[in-house]
Amino acid sequence: MALQTAAALSPRSISSSTTLPCAAKHPIIYSSTSSSSCFLSPSQRKNVAVGLSGVTTSKRKRAWASTVKSSLDTVGPTVNVGQVTEVDKDTFWPIVKAAGDKTVVLDMYTQWCGPCKVIAPKYQELSKKYLDVVFLKLDCNQENKQPLAKELGIRVVPTFKILKDNQVVKEVKGAKFDDLVAAIDVVRSS
């Protein structure tokens, strides 16, 4: 994938081409005396300033080195309301932290669980009803079972954990829809 010409680069540092190779993997060095460019060697890459977003430069002898990172490298987790977001062991806690003081409801299920399949559409409806609550779901498969399901103390599916301020405050075991709605209302009002 190529990056289009960045406005932060000086006109004389760009040759006639308007497409630059991906600088995140291949930093480009522009000579201050000519319009030619060459790739940095691995030892030179250590001296290049790497920014979290946009274009950053550092002067090294008589050359300027630029590294461009895409916005995808810097975007944190997004908190979605009005829908159920699938999470895994790597995305769960960052999304919970990003939710801040919002109530977070986590549905822990498995693909083979009959009661999980029955309550799933009702859980989806709740996400559309409670727009001030973040609804997540975690497939307790082998990949997620050990680190996250074990950390949260899952013994039966479905289990719903309700979190507030990064802490589990309520739990509903089984496909008990009325109990789940009551628990969400209690946490929301607190």
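No lab work stands behind these numbers, since they all come straight from the coordinates. In this text, all values refer to a predicted model and were calculated from it rather than measured experimentally. Virtual Cβ from ideal backbone geometry, glycine too; neighbours counted across all protein chains shown.
So what does the Cα-only Debye profile of the range 75-177 read at q = 0.15, 0.20, 0.24 Å⁻¹, as log10 I(q)/I(0), no solvent term?
For the requested q values the scattering log ratios are -0.54, -1.01, -1.48.
When the label point is put 7 Å from the Cα of VAL169 along its Cα-to-beta-carbon vector, which residues of the range 95-115 have a backbone N closer than 17 Å?
What the label zone holds, given the 17 Å backbone N cut-off, is 96-107.
Report ³J(HN,Hα) in whole Hz for each residue of the range 137-154, in order, from the Karplus equation J = 6.51 cos²θ - 1.76 cosθ + 1.60 where θ = phi - 60°; Gly and Pro get x.
Values per residue, Gly and Pro as x: 9, 10, 7, 7, 7, 4, 5, 8, 4, 5, x, 8, 4, 5, 4, 8, x, 8 Hz.
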